[in-house]
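Since the structure comes first, as structure tokens, the remarks are kept for the end.
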Amino acid sequence: MTQMEKLKQWIAESSSIVFFGGAGVSTESGILDFRSVDGLYSQKFEYPPETIISHSFYERRPEYFFRFYREKMLPLGFEPNVTHRVLARWEQEGKLSAVVTQNIDGLHQKAGSQKVYELHGSVLRNYCTRCRKFHSAEFVRDAAGVPRCACGGIVKPDVVLYEEGLDQDTIEKSVMAIRRADLLIVAGTSLTVYPAAGLINYYRGNRLVLINRDATPYDRYADLVFHESLGVIFSQL
């Protein structure tokens, strides 16, 4: 039995699949990731991207932060790819119980997925830091300089910056879903960003599938490993 045949068999036999995805899920929709050769960290800016998207930099230099954020981190106008669509179909079929994602682009929901745990937040949610009023991503995109609410407060994207903690409720629900999964598919992530990467340690089953173009620190623990692009794999599923 080939690796692909085994994966198809496991999917057919599963009723509570959890998909844990990183930036590689969205790169095939045209969204830049962070760590690849062409990613954000390889581009030249006045400051390292890790510095610009830190909480302290956001507070110290909000104009620069929002200029970078609009230019490099506000992925509007992109469409879900085959991976997003297959996952949404599995959920509709009652096979997939949750998507846990490190992405902030909202493409899983755009494809039709309902149960999505966004570890790092979403660019589609933006709140006034003073009155907590909700604002759209388009409001932030189209604002001049620092986006401000009618009350005068800064409108901050609901995105987890460096130096900020992950949302505890989202972590707990992700852990619960992973713990109960009968098949865990981890894809498009280098598994080097913590605490997110550590969540897969909560998996209790024996069907851990890793799909990533490059090797990851968890490859040796997986039951199936594919060093392929997600599009190649998911277009066969």
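Things worth noting here:
- Charge-dipole axis of the range 128-237 as Lys and Arg at +1 and Asp and Glu at -1 on Cβ define it, positive-most pick from GLY205, GLY231, ALA177: ALA177
- Fraction of the pair-distance distribution of the range 128-237 above 17 Å, Cα-Cα pairs, percent: 66 percent
- The chain: angle of helix 82-92 to the longest principal axis, Cα-based, in degrees nearest 10: 70 degrees
- Applying a threshold of 31 Å to the alpha-carbon distances of LYS95/LYS133; LYS8/LYS72; LYS115/LYS156; LYS95/LYS156; LYS110/LYS133 flags LYS95/LYS133; LYS8/LYS72; LYS95/LYS156 as lying beyond it.
- Helix-only arithmetic for the chain: the sum of -39500 (n - 2.57) across DSSP H runs with n ≥ 4, divided by the residue total, places the mean residue ellipticity at 222 nm at -7500 deg cm²/dmol.
- The range 164-237 and the range 47-86 have Cα centres lying 23 Å from one another.
- In the frame of its principal axes, the chain has Cα extents of 60, 34, 29 Å, reported largest first.
- Accessible area of the range 79-223 belonging to carbon and sulfur atoms, whole % at 1.4 Å probe: 48 percent
- Kirkwood-type radius of the range 108-162, with distances r between different C-alpha atoms, in Å: 12.1 Å
- Principal-axis analysis of the Cα atoms of the chain puts helix 168-180 at an angle of about 10° to the longest axis.
- Helix 3-13 and the longest principal axis of the Cα set of the chain meet at an angle near 90°.
- When its C-alpha radius of gyration is set against 2.2 N^0.38 Å (N residues), the range 53-107 gives a value of 1.61.
- With contacts taken as Cα pairs under 8 Å at a separation of at least 6 residues, the chain carries a relative contact order of 23 percent.
The values are calculated or read from the model by the stated rules, or taken from the named source; none is laboratory data. Not measured: the values here are computed from a predicted model. We place every Cβ from the backbone using ideal geometry, glycine too, and count neighbours over all the protein chains shown. Just the protein is used for accessible areas: all its heavy atoms, side chains included, with ligands, DNA and RNA removed. Shrake-Rupley method; radii C 1.70, N 1.55, O 1.52, S 1.80 Å.
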